[in-house]
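Comments concern the structure below.
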Amino acid sequence: MRLRNKVAIVTGGGSGIGRATSLRFAAEGARVVVADINFTAASAVADEARAAGGQATPVEVNVTKRADVDALIEQALAAYGRIDILINNAGINRDALCVRIKDGEVRKMSDEQWDAVIAVNLKGAFLCSQAAAVPMIRQNYGRIVNTSSIGALGNIGQANYAASKAGVIGLTYTLALELARYNITVNCVAPGATKTQMTAGIPDNLREALIQKIPLRRMAEPEDIAHLHLFLASDEAAYITGQVIFCDGGISVGI
Ligand SMILES: NC(=O)c1ccc[n+]([C@@H]2O[C@H](COP(=O)([O-])OP(=O)(O)OC[C@H]3O[C@@H](n4cnc5c(N)ncnc54)[C@H](O)[C@@H]3O)[C@@H](O)[C@H]2O)c1
């Protein structure tokens, strides 16, 4: 078991990549706080982890609200006494209105779409990292893993999402520098297209065209990203900090 007795918070743990990571961490011996704005979903994942013999507890949190995030950290400490791992995974997309993907454009993006995506994807990671850093500094131990995306490299219709995911990379570099002296590593995963509810609405023809552009010729399974989370959260990754790792079937390389 690679995470025996570690305490891990997984934001957005109720669905997709966060669900896969919560279940994998619990199977590896971690005590997992499944944190999500959707408490029903978080509870279902925690139940699933426990049914498989793991330890998990669901917490309702809106990562954009400081009071919620502070309460999350308090509940995790009350339940398990420490926080070793924070997976900043909660995320949303609100693309500019388009009939076809190609029609997405910045003039069609509303203030609400911009603000919502920056709030969850970027401010959420900031608030959770800031709050979790307090017990991690006290312990002189921590692993923080943020979530960027291949979208950080630019994607039509996603000015908000791309900006949030590029911002997360800068946040990762800075937190890695600031927290290294406390034995806290901060890294970032950048998934490619992954089979979750976030991508469920892609029409079949566009999905097929996308797959043809991916060198490994398939979308990621949520578990592909969970494996990377596990490595970066483990003691094996003790000397890795400030890194962004693309887990994208190779789509970000080449021309
Ligand atoms: N699916 C992909 O293709 C893909 C690609 C690159 C990056 N990502 C990123 O991976 C992460 C996980 O995405 P996913 O594909 O599993 O999506 P998902 O929609 O399946 O899961 C996201 C989870 O985040 C939760 N959430 C949303 N807003 C929240 C908030 N304010 N506070 C707390 N929880 C909140 C949702 O309830 C949901 O359970 C996101 O950061 C996403 O941007 C996904």
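Quick notes on this structure:
- The set of residues in region 7-21 being surrounded by fewer than 24 Cβ atoms within 10 Å (Cβ to Cβ) and touching a Phe, Trp or Tyr at 6+ places or on another chain (Cβ under 7 Å) consists of Val7 alone.
- Any hit, region 188-195, residues being within 15 Å of the ligand (Cβ to nearest atom) and either open to solvent by 30 Å² or more (accessible area, probe 1.4 Å) or at positive phi (or both): yes
- Residue in region 6-23 that is more than 16 Å from the chain's Cα centre (by Cα) and on the phi < 0 side of the Ramachandran plot present: yes
- First in region 129-146 and farther than 15 Å from Asn187 by Cα, second anywhere and among the aliphatic types (A, V, I, L, M) and open to solvent by 20 Å² or more (accessible area, probe 1.4 Å), Cβ under 7 Å, 6 or more apart: Pro135/Leu77
- Complete set of residues in region 197-250 that are open to solvent by 30 Å² or more (accessible area, probe 1.4 Å), assigned to a loop (DSSP other than H, G, I, E, B) and within 14 Å of the ligand (Cβ to nearest atom): Gln197, Met198, Ala200, Gly201, Ile202, Arg218, Glu221
- Taking every residue in region 29-47 that is over 16 Å from Lys6 (Cα atoms) and pairing it with any residue that is within 12 Å of the ligand (Cβ to nearest atom) and basic (Lys, Arg), at least 6 positions away or on another chain, the pairs with Cβ-Cβ distances below 7 Å are Val45/Arg19.
- Matching option when the condition is surrounded by 17 or more Cβ atoms within 10 Å (Cβ to Cβ) and more than 10 Å from the ligand (Cβ to nearest atom), among Gly154, Gly124, Gly142: Gly142
- Some residue of region 42-50 being surrounded by fewer than 19 Cβ atoms within 10 Å (Cβ to Cβ) and acidic (Asp, Glu): yes
- From the list Gly192, Gly167, Gly157, the one residue that fits, being touching a Phe, Trp or Tyr at 6+ places or on another chain (Cβ under 8 Å) and not aromatic (Phe, Trp, Tyr), is Gly192.
- Members of region 143-183 that are under 13 Å from Phe126 (Cα atoms) and among the hydrophobic types (A, V, I, L, M, F, W, C): Ile144, Val145, Val168, Ile169, Leu171, Leu175, Ala176
The values are calculated or read from the model by the stated rules, or taken from the named source; none is laboratory data. Predicted, not measured: the structure shown is a model, and the values here were computed from it. Heads up, the Cβs are rebuilt from the backbone with ideal geometry, glycines too, and the neighbour counts pull from every protein chain shown. Surface accessibility is based on the protein's heavy atoms, side chains included, excluding ligands, DNA and RNA. Shrake-Rupley method; radii C 1.70, N 1.55, O 1.52, S 1.80 Å.
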